[in-house]
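First up is the structure itself, then whatever we jot down about it.
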């Protein structure tokens with residue numbers, strides 16, 4: 001491969017990913033790609049080759065230093081489809097269901113994010129936590145303040161991350177200090193969108209917090225933004241909690257339920273991601289499917305706030321795009337393994353099954369698919385952006401014991417997801433560059 | 001304090017415990033005992049004094065080296081009321097509900113524990129995992145093999161631990177290699193009981209696995225043991241899974257439900273601990289209460305195997321003794337903080353509340369109470385056995401952030417339980433001796 005010797009990077013180790021998007025999880029097994037002694041060649045932030053070490057080694061320029069991760073497991077960067085960066089500092093706050101939790105913890109905390117330097121400090125910690133947990137792409141709620149959005153995008157841009165984020169739009173039912181107006185939210189969102197959308201790897205999401213905190217006028221403004229910039233994202237919350245749903249009904253009496261509010265303002269569709277969707281009706285599931293809208297499945301958060309059990313199997317069977325989400329700070333962990341462990345329990349409590357390979361897919365290529373980003377991230381295909389994680393599957397004594405007595409790759413993968421946490425993240429690479437390294 | 005200078009130990013740090021057993025969790029706040037700069041004096045394995053450093057320092061012999069844990073938090077050793085040591089090596093095994101899980105993973109694994117040297121190796125790892133997680137007392141299922149019981153008690157005895165364990169009695173509905181007979185189970189249990197019950201701090205539990213794997217004849221033998229040795233313990237499983245309950249009905253058609261089987265054979269009562277109790281009827285709750293029987297609440301396991309949500313609030317309101325339990329290997333963590341985090345979710349999903357202080361109580365004095373051991377362990381009262389844990393509340397960056405912005409002790413405690421894991425266990429002391437020290 002003459003010509004790229006000065007920027008090329010070669011990674012040797014066990015490589016694992018999913019070859020392509022599947023509609024039926026039963027097809028995953030046929031699409032699992034594994035090289036026990038693999039080679040990944042990267043140039044200028046893109047994968048240019050992957051395969052076995054034996055087949056690929058002759059392609060490498062002489063004298064190139066190899067990143068040798070034998071004994072580790074190299075997988076695509078993990079994808080978190082819903083998280084709030086200003087809530088990092090209230091992670092694990094006690095004892096409420098959704099609406100009380102917002103008033104008691106969330107809103108008072110978010111008030112601090114109008115201070116740019118404070119937001120910068122927190123954005124830095126937030127990005128570090130993502131990378132420490134192997135999350136290379138996230139869809140992120142900022143606060144209502146434009147400063148918080150700039151701070152986050154700047155922090156992500158420094159790491160060359162593929163991150164989607166946006167300014168919260170919220171013009172009612174929250175403390176005055178946190179309210180914008182339909183006009184100011186439109187103006188600020190538009191400016192931020194023009195500044196950040198497609199700037200390097202960054203993408204913008206129009207972000208009405210949820211129907212109860214936006215007036216009809218504000219949702220119209222959100223709709224205008226979506227129509228003006230058709231390739232922009234939308235993110236919001238949907239049907240998390242029964243009392244929330246009732247509240248939406250009373251606020252929007254002319255709409256046919258919660259999702260119909262968003263649908264009416266044309267906020268459903270491709271690149272629209274709805275967090276939670278715990279209590280959708282049959283009709284709403286149909287709308288999700290028909291519009292190509294995605295769900296961010298937040299198992300930890302849904303149990304932590306007592307919201308209920310997401311009908312995961314139904315969503316997948318219906319062909320709705322589903323990504324995994326930590327939902328920090330109502331979720332109590334940044335870690336997607338811990339989140340998958342909770343997802344498994346949510347599914348088990350509904351007497352259904354969730355296989356290890358399906359978990360793995362959901363946190364990588366399936367998550368990318370839910371974010372309409374599977375053309376550029378989610379696996380290690382040549383041409384994809386080189387976001388990947390080097391896993392240490394035996395970071396604790398109990399993991400060592402379990403890894404050693406697991407016979408199949410599937411079993412090993414499952415153990416990693418059941419017992420794994422941030423200690424299993426040995427290295428994180430974004431855009432082909434090392435951005436996190438476990439210190440011990 | 002003349003006379004004990006050569007064996008005395010003094011621990012300085014923040015001290016936290018619950019003063020006494022309460023019937024109503026609302027009384028816990030009045031019984032929380034906290035010294036921000038405290039002193040704990042130990043002699044010959046017993047607490048002899050606790051209070052503030054200022055009040056206690058003059059009691060110390062001149063020249064005594066102080067174990068200085070300022071900046072850390074000293075709490076009573078944690079109590080795990082239900083765990084299987086031969087299942088440690090199948091922790092996080094995939095994809096089944098109870099009965100399939102037993103046949104697929106548990107039984108094949110337990111076959112190995114007839115080999116004494118293998119059992120010894122695993123018992124050593126098991127005890128290390130307990131101590132690494134701050135668990136100083138546990139109620140443990142061994143396998144059907146007497147060798148497994150000797151191996152475990154020997155390992156616990158070396159650490160001077162207060163542990164309750166017993167040989168599984170199982171004479172049907174399992175692979176032949178794992179079956180005993182009513183007679184052999186009686187003989188072996190009796191011999192082990194006489195060898196280990198009250199040997200140093202160890203206690204024996206008569207351990208029929210669960211009604212489906214014991215014939216009526218075997219349960220009669222268990223009853224004989226209980227009557228012959230009235231201060232011995234009983235441990236078994238109860239009402240974990242709907243199919244299991246149906247099975248019991250078909251196996252014991254003359255009994256009025258699952259618990260009535262145990263009650264008929266007088267296996268209920270003080271020092272009888274029933275794991276799970278997810279699906280008890282009103283009548284069964286009444287029997288639990290009337291007989292002074294205890295529940296081992298296994299939230300992780302109950303979600304992991306899809307068994308259902310334990311009616312925690314009801315149990316407590318009814319005045320039934322409830323302890324926390326990891327239930328490894330169907331539980332996926334040895335850690336009681338992680339287990340409390342799951343307990344919180346189980347309670348939240350039932351639209352009820354579980355306060356931090358109640359979590360803390362449940363894992364310490366409340367657990368000791370469930371095991372009828374609150375006279376000797378569970379808090380730091382003078383006279384109690386000196387089992388305690390030194391917690392590092394800020395073992396990760398995100399914990400640091402949350403600890404610093406938590407205002408009250410209650411909030412800090414809650415954060416510890418929500419975000420905590422084995423990394424928060426800095427030192428573990430058993431019988432006044434240091435038995436585990438975090439290496440980094």
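Given the C-alpha centroids of the stretch B:36-96 and the stretch B:336-351, what is the distance between them in whole angstrom? Centre-to-centre (Cα) distance: 24 Å.
Reducing the stretch A:112-158 and the stretch A:256-335 to their Cα centroids gives an inter-centroid distance of 24 Å.
Relative to the longest principal axis of the Cα atoms of chain B, the long axis of helix B:116-132 lies at roughly 40 degrees.
In degrees, nearest 10, range 0 to 90: what is the angle between the Cα axis of helix B:409-419 and the longest Cα principal axis of chain B? For B:409-419 against chain B, the angle is about 50 degrees. Okay, which of the stretch A:130-147 sit inside 20 Å, backbone N to the point 7 Å along the Cα-Cβ direction of residue A:111? Within reach of a label on residue A:111: A:142-147.
Arranged from fewest to most other beta-carbon atoms within 10 Å of their beta carbon, B:26, B:96, B:244 become B:26, B:96, B:244. For the stretch B:78-354, the convex hull drawn through the C-alpha positions has a volume of 109 cubic angstrom per residue. Beta-bridge orientation, chain A: approximately 45 percent antiparallel, per DSSP, counting only bridges with both partners inside. By the count of neighbouring beta-carbon atoms within 10 Å, fewest first, A:34, B:262 end up ordered A:34, B:262. Normalised by residue count, the stretch B:263-312 yields a Cα convex hull volume of 78 Å³ per residue.
For the stretch A:382-399 and the stretch B:172-240, write down the distance between their C-alpha centroids in whole Å. If you average the Cα positions of each part, the centres end up 46 Å apart. Determine the shape class of the stretch A:135-230: with a ≥ b ≥ c the square roots of the Cα gyration tensor eigenvalues, call it rounded for a/c under 1.5, and otherwise prolate if a/b is greater than b/c, oblate otherwise. Prolate. Computed from Cα atoms, the angle from the helix A:282-291 axis to the main principal axis of chain A rounds to 60 degrees. The mean sequence separation of alpha-carbon pairs under 8 Å and at least six residues apart, normalised by the residue count of chain A, gives a relative contact order of 19 percent.
Suppose the chain between residue A:254 and residue A:31 were pulled fully straight at 0.36 nm per residue; how much longer would it get relative to their current alpha carbon spacing?
75.7 nm
Rounded, prolate or oblate, given the Cα gyration tensor of the stretch B:1-110, with a/c below 1.5 counting as rounded?
Values: a/c = 3.42, a/b = 2.12, b/c = 1.61.
Cα axes put the stretch B:1-110 in the prolate bin.
Given axes a ≥ b ≥ c from the Cα gyration tensor, I'd like to know whether the stretch B:141-194 is rounded (a/c under 1.5), prolate (a/b larger than b/c) or oblate. Prolate is the answer for the stretch B:141-194, as a/c is 1.5 or above and a/b outweighs b/c.
Here residue A:246 yields copy-to-copy label distances, from shortest upward, of 3.5 nm, the label point defined as 7 Å from Cα along Cα to C-beta.
Each other copy places its own label point for residue A:181 at 9.0 nm from this one, sorted shortest first, where the point lies 7 Å along the Cα-to-beta carbon line. A viscosity of 0.692 mPa s and a temperature of 37 °C, combined with the Kirkwood radius over Cα pairs in Stokes-Einstein, give a translational diffusion coefficient for the protein assembly as shown of 115 µm²/s. Arranged from fewest to most other beta-carbon atoms within 10 Å of their beta carbon, B:250, B:214 become B:250, B:214.
All of the numbers you see were taken from the coordinates with simple rules; none came from a lab. None of the values given here were measured: they were computed from a predicted structure. Cβ atoms come from the backbone with ideal geometry, glycine included; neighbour counts cover every protein chain shown.
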